[in-house]
1. I'd like to verify a number: residues in the range B:253-286 that are assigned to a helix (DSSP H, G or I) and surrounded by 15 or more Cβ atoms within 10 Å (Cβ to Cβ), how many?
2. So which residues in the range A:34-54 are surrounded by 14 or more Cβ atoms within 10 Å (Cβ to Cβ) and either more than 9 Å from chain B (Cβ to nearest Cβ) or touching a helix residue (DSSP H, G or I) at 6+ places or on another chain (Cβ under 8 Å) (or both)?
3. What about B:Ala121, is it part of a helix (DSSP H, G or I), within 12 Å of the chain's Cα centre (by Cα) and not polar (S, T, N, Q)?
4. Applying the selection to the range A:129-144, what residues are surrounded by fewer than 17 Cβ atoms within 10 Å (Cβ to Cβ) and not polar (S, T, N, Q)?
5. Tell me, yes or no, whether the range B:157-176 has at least one residue that is touching a residue at least 40 places away in the same chain (Cβ under 8 Å) and assigned to a loop (DSSP other than H, G, I, E, B).
6. Only one residue in A:Glu174, A:Glu148, A:Glu154 is acidic (Asp, Glu), assigned by TED's automatic domain parsing to the domain that holds A:Phe73, under 25 Å from A:Gln69 (Cβ atoms) and assigned to a loop (DSSP other than H, G, I, E, B), so which one is that?
7. Restricting attention to the range B:237-252, and to residues there that are within 7 Å of another protein chain (Cβ to nearest Cβ) and in contact with a Gly (Cβ under 6 Å, 6 or more places away or on another chain), which single residue is surrounded by the most Cβ atoms within 10 Å (Cβ to Cβ)?
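The values are calculated or read from the model by the stated rules, or taken from the named source; none is laboratory data. As the structure is a computational prediction, the values presented were derived from the model and not from experiment. Positions of Cβ are backbone-derived with ideal geometry, glycine not excepted, and every protein chain shown enters the neighbour counts.
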Amino acid sequence: MPWSDIPAPYRRAASLGGYALAAVLAGSEIVILALALNPNVNADYRAYYIDQTTTCLNRDATGSYTLGQTVSFRSDGAKRAASIKVCGWSGSAGDGTHSLGETSRLRVKIPPLRDSLMATLQMAAVIRPPQITQRVVISVNGVRVHAETLSGKEPRTVSFVVPPAALGKADTLEIAFDYLDGIPPTPAASDIYKRSIKLVSLRLDAI
Amino acid sequence: MALEDVARPSAGARAMVMTVAAVPLLFVIGGLAIRYAAFASVSEETGFAAYARALCRWDCAWYIGISEQGYERFPIPNHSNVGRWSFFPLYPMLVAAIRFVFPYPTILIATVTSIACSYAACLVAWPLLENNMRAYVMYCAFLLSGPFSFHFTTFLSEPLFVLLTSCVFLALKRSSYLAAGVSSALLSATRLVGVFVVFATVIQMFSEHRRQGGSALSFPRWLLGRPDLLVAVLISPAGLFAYILLLYLTVGDGFAFLHVQRAFGRVAGNPLVFLWDGLSAVPTTGWLPTAPQWSALSAIAGLALSAGLAARRQYGAALFCALCIILPLITNLASMVRYVIGLAPLTMLLVVLLSASRLIWLAALVLFLGACYLMTVAWIGGYLALV
C-alpha cells in the first residue's frame, strides 16, 4: 500500500513508527559494523586471516617423537608425519612433502634435554628456471639456527646443531622453515600456494 | 450478454494463468528427464537419490555442511584453514528448516527446494518479461532445462538468488519499496553481492522522484521525508548485517566471510589482468576454448549485457549486474560462468533479444535443450569452467 493511501489520522503514527524503525535499523547496522571492525580473535587468526603477515596458520598440533627416530615425509610415513606438521605443508607424496607458502612449521614433543640436539633433514629445492636455488632459514623455538641454499632437484642431507639456548626448558620443539625464494604456481596466485622445498625426512639426535 | 462479457475475459485470464503455471512445470519435468539421462549415461547407479548426489558438485558440499552442521568456530576442526564462512547462510538455513519438517537426506530436500525456487523464479519473471510469452518460454527453458539448469536445480545459492532478485525487481517495477527492501534483505543473506541491489532501489526511488518533477538536489530531502522509503533502504542490507553478527558471535570476526577468501587462494588484483590472462589461456589442442577462456568470455558477455540494460534505461538492474560481476572479478575468474548466468536481469534481457525473431527463438530453444544433456555430463565430470 502506498504511503499516501494511509488514512490521515494514522499517517502521523505510521510516520513516527517508520522513522523509529529506520533509526533502529541504522543503529543496529552501525553497532554491528563497529563489532566487525574490532574482531575478537586470537593472534594466530589475526596473523593469517586479517593482517596476512604469515601464510602458515598456527594450529594446535604436536606430534610425539623419540630421539634417534627418522620420520619419513614420503607417502610411506604419511600418518606419522601428519601428526607433526603444523602448517605450510601439502599432503605427503611419493617424493616427499611439498612446502606451501612462505613459512612451514613442524612441532614435536621431546624429553627434557641438557645439551644440544643434532637435526638431520633431507630436503630438495623446488626449482623453475631461471630460479634454480631456494634459500631456507630454519629456526627452532623462535631462535634462528641454520640457513641453507638448496639447488638441484635431488634431495640433499642438511645437518645442524640446535643449541641449548633454543631448547631452553621447553618440552616441545618447533621447527620453522622460512623461504626467501618461494615460487608461485602462476603470476596471479596467492602467496599461500608458493612452492619452495620438498621435505623427505627428519631426524633428531641428542649430542 | 453482460454476463458473457464478464465470463469471457475471466476464462481467458484463467487460461493464461494456467499456461503461465504449466510452461515452467513442463520444463521442470523435461529438464529432470534430460539431466537424468545425462546422469544415467555416466553413472552405474540409478534412482533420484543417486542423481541428486551426482549433481551435487563443488560448492554444493559446503552448503550441505552448513545445512547439517552450521558454521565452525575457530580453530577449524581437522586442522583446516578453510572455514565455511564464505558461504552465506539463508539458503542452507532454509533447507535445514525444511529438513526439520521432512526428515529426508539433505541433498534430496535441497534438490526439490532448488527446483521449487527456480519454478517460482519463472512465475515471478512473467510480469518482468512484460507478459511476452515467447521470452517467458525461453526463460523457463533456460532455468529449468537449459545448458546451466544443473546450477538451478542442485544445492547452490543460485536458485534462491535468482528468485529473490526477480522478487526485488518485480517489487521495484510496482513501486512496492518495502517489499523490495525485504526481498533485498533476504538476497543479501543469500550471497554477498546481493547487497548491491540496494543501489537499484535507490535509483528507482530517484527516477520516481524525478518523474514527480523533483530536482536531483532535492532528492535527499524528499527521501528523508518518506520514512517508508528510508526503512526500505535501511532494511535492504539487513541480511548481510545479520550474517556479520552471526560470524562475530561464532568466530569473533564479523568479516570472516571476506578474510577466509585467503584460505581459498583468492587474492585481490586487477580485473583487466585477470580477464586478459583468461583470454590468453589458449587451448593446446583442438579449437574449443579453455575453462579460463569460457570464464573470461562470460564475464565480458555479462558486462556487455549490463550495458544493454543501461541502454534500455534499466539503470538499477545494469548497475546491480555489473557490480555482481566486477566484485568477484577483482579476485579472479573462478565460478564466473555461474555468477553471470545467475543474474536474472541479464538472462531476461538475453531471452527477450533471442525471442525477437521466431526462427532464432526456436533454434535457441532446441539448442538449450540439447546443450542441457552435454553440459550436465560436463558438470558431473567436473569441468572447471562450470564450477
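1. To start, the set of residues in the range B:253-286 that are assigned to a helix (DSSP H, G or I) comprises B:256-262, B:271-280.
If we keep only those that are surrounded by 15 or more Cβ atoms within 10 Å (Cβ to Cβ) as well, we get B:256-262, B:271, B:274-275, B:277-279.
Selection size over the range B:253-286: 13.
2. The first filter runs over the range A:34-54 and keeps only residues surrounded by 14 or more Cβ atoms within 10 Å (Cβ to Cβ), leaving A:35-36, A:39, A:41, A:44-50, A:52, A:54.
Residues satisfying the conditions are A:Leu35, A:Ala36, A:Pro39, A:Val41, A:Ala47, A:Tyr48, A:Tyr49, A:Ile50, A:Gln52, A:Thr54.
3. On the way: part of a helix (DSSP H, G or I): yes; within 12 Å of the chain's Cα centre (by Cα): yes; not polar (S, T, N, Q): yes.
In short, yes.
4. We begin by selecting, within the range A:129-144, every residue surrounded by fewer than 17 Cβ atoms within 10 Å (Cβ to Cβ); these are A:129-133, A:135, A:137, A:142-144.
Once the filter is applied, which keeps residues that are surrounded by fewer than 17 Cβ atoms within 10 Å (Cβ to Cβ) and not polar (S, T, N, Q), the range A:129-144 yields A:Pro129, A:Pro130, A:Ile132, A:Arg135, A:Val137, A:Gly142, A:Val143, A:Arg144.
5. Just the residues of the range B:157-176 that are touching a residue at least 40 places away in the same chain (Cβ under 8 Å), to begin with: B:157-163, B:165-167, B:169-170, B:172-173.
Then drop every residue that is not assigned to a loop (DSSP other than H, G, I, E, B), which leaves B:157.
Scanning the range B:157-176, I find at least one residue that is touching a residue at least 40 places away in the same chain (Cβ under 8 Å) and assigned to a loop (DSSP other than H, G, I, E, B), so the answer is yes.
6. From the options A:Glu174, A:Glu148, A:Glu154, the qualifying one is A:Glu154.
7. B:Ile244
Listed here are the residues, each with its yes/no results for (1) touching a Gly at 6+ places or on another chain (Cβ under 8 Å); (2) in contact (Cβ under 8 Å) with a residue 60 or more places away in the chain; (3) charged (D, E, K, R); (4) in a helix (DSSP H, G or I).
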{"position": "B:Thr331", "(1), (2), (3), (4)": "yes, yes, no, no"}
{"position": "B:Val337", "(1), (2), (3), (4)": "no, yes, no, yes"}
{"position": "B:Pro345", "(1), (2), (3), (4)": "no, yes, no, yes"}
{"position": "B:Val351", "(1), (2), (3), (4)": "no, yes, no, yes"}
{"position": "B:Ile360", "(1), (2), (3), (4)": "no, no, no, yes"}
{"position": "B:Ala364", "(1), (2), (3), (4)": "no, yes, no, yes"}
{"position": "B:Ala371", "(1), (2), (3), (4)": "yes, yes, no, yes"}
{"position": "B:Val377", "(1), (2), (3), (4)": "no, yes, no, yes"}
